[in-house]
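Accompanying notes for the structure given below.
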Amino acid sequence: MCKIMSLLSDYLAGCLDLLTGYLALTIYVLAVTDEREIWRRLKKLPLLLLFSLMVTLLSAGLYMVPELLMFHYFILAFFILIMYTFWVKWTWQFGFWRAFAAACMASIFQVAAATLTMMLYWALPPEGVFSFAAAIGLHLGISIAVSLLLYKLRFGKWFRLLLGNESAVRRTALLLFMLEAVMEVFLKLLSGVELQYLVFYYLLVAVMVVLMAVLVVYLAQRFDAARKMQVQQDIIAQQRLYEQDLEMIRREVRTFRHDYKNLLAGLSQQAGEGELEGLRRTLSELDAGFDLRLGRKIQASTQIGNLQIPEVRSLLLSKLTVMREKGVECRLEVLYPIAAVDMDVWDFLRCLGILIDNAAEAALGAEQPWVEIVLLAQDGQVFLRVSNSYANTIEPGKMWNDGWSTKGPGRGLGLPSYQHILERYSNTSPCTSWENGVFVQELTVEGRR
């Protein structure tokens, strides 16, 4: 009976220890993803209890295989990391590699905190029945303190930016996994360190964690700098295109002015001869010709001019040029000046680019492809609507899934990314609708005062 109680006690202690580790991981994930709606994520914590039970059962099973005793710890650590990755994927609605990268980054900090906890616990062992509770409290306390420091240093902002690099997120995840594996090895080596060397040992661990964090920030800054450089190049290229359009309008005006006297002479003759019907027809043709040659170009230039955010203007000019080359009719309405949008401009650019790219691609399947972009600003609020002709059917339950697309598997990465971006902003309201061959995506960004 005593043996059974002892085994049950060890089992419960193992589950509690795992839950503590999961809680610490969650605290770090909230920090490295710069999460602001914390309670929304914490509501999904109960699933981690099931994971703890599964890991405990796996641990008991591994003890029955003596050949794997040397790798017992590392097998469990890898299993915990994978299970936690799927929890992050479900909770944050990330793709697998983004979730894996976030879990690895959080695990690096968690393992370092566990190392410090064990070091303090061995150096200053508490007495009495509260030793285990004291270790748990110490671990969670260190985790909360480090996470608050990460929030204050805005580490999560840079890490989220690094995860936003869709083309390199897999490489980032694998790099962080290797760094996390190094930290696990250091934690395992802790048991062989003599007491007098514990301080030097942990200084080495702390320096490694700081260097890993600096590496992440450095990579994120490199990515941010490259992106800004590309935007600057696009701005210069599109500004030249804009100037070319203005020069074309100027030449058209000079040509129209040159023909103006001849046109007036012809109209005067028709009026003098009483040919009112011919006069009316000539005026109608003149108006249509002016609108075809100048009116639309002047209107488009005016609309673009109302965009006072250089990055947004550059992106729209680029997208409009590409759509025209593909034979998609483009309509742009920016009725009032837009000087700012109350969200990170790069996130807004990503959202705008995703919606326009999806609209242009979907419109190509229609008999008469067209895309209409409307931007309105009033009292700090920015409203965006992107609509397009659409010939396919819609599957609402699948369109937000990673990899789903009407074009086939592996294509639909835009809308899920769009949704992930907006999850960070409580002042945004997206809306999707489709009816009678028209697909519409709307986004409202409220001004936060």
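The values are calculated or read from the model by the stated rules, or taken from the named source; none is laboratory data. All values derive from a computational prediction rather than experimental measurement. Note that we place each Cβ from the backbone using ideal geometry, even for glycine, and neighbour counts take in every protein chain shown. Surface accessibility is based on the protein's heavy atoms, side chains included, excluding ligands, DNA and RNA. Shrake-Rupley method; radii C 1.70, N 1.55, O 1.52, S 1.80 Å.
Overview of results
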| read-out | value |
| --- | --- |
| Ranked order, Phe200, Phe177 - accessible area, probe 1.4 Å, largest first | Phe200, Phe177 |
| Using θ = phi - 60° and Karplus 6.51 cos²θ - 1.76 cosθ + 1.60, couplings along the stretch 133-145 (whole Hz; Gly, Pro as x) | 5, 5, 5, 5, x, 5, 4, 5, x, 4, 5, 5, 4 |
| Extension gain from Leu76 to Val345, taking 0.36 nm per residue of separation minus the Cα-Cα distance | 92.6 nm |
| Estimated FRET transfer efficiency when R0 is 22 angstrom, pair Lys326-Gln93 (beta carbons, to 0.05) | 0.10 |
| Carbon + sulfur, % of accessible area of the stretch 302-362 - ligands and nucleic acids excluded, 1.4 Å | 49 |
| Above-threshold pairs, the threshold being 23 Å between Cα atoms, out of Lys157/Lys228; Lys152/Lys228; Lys89/Lys157; Lys44/Lys188; Lys43/Lys89 | Lys152/Lys228; Lys44/Lys188 |
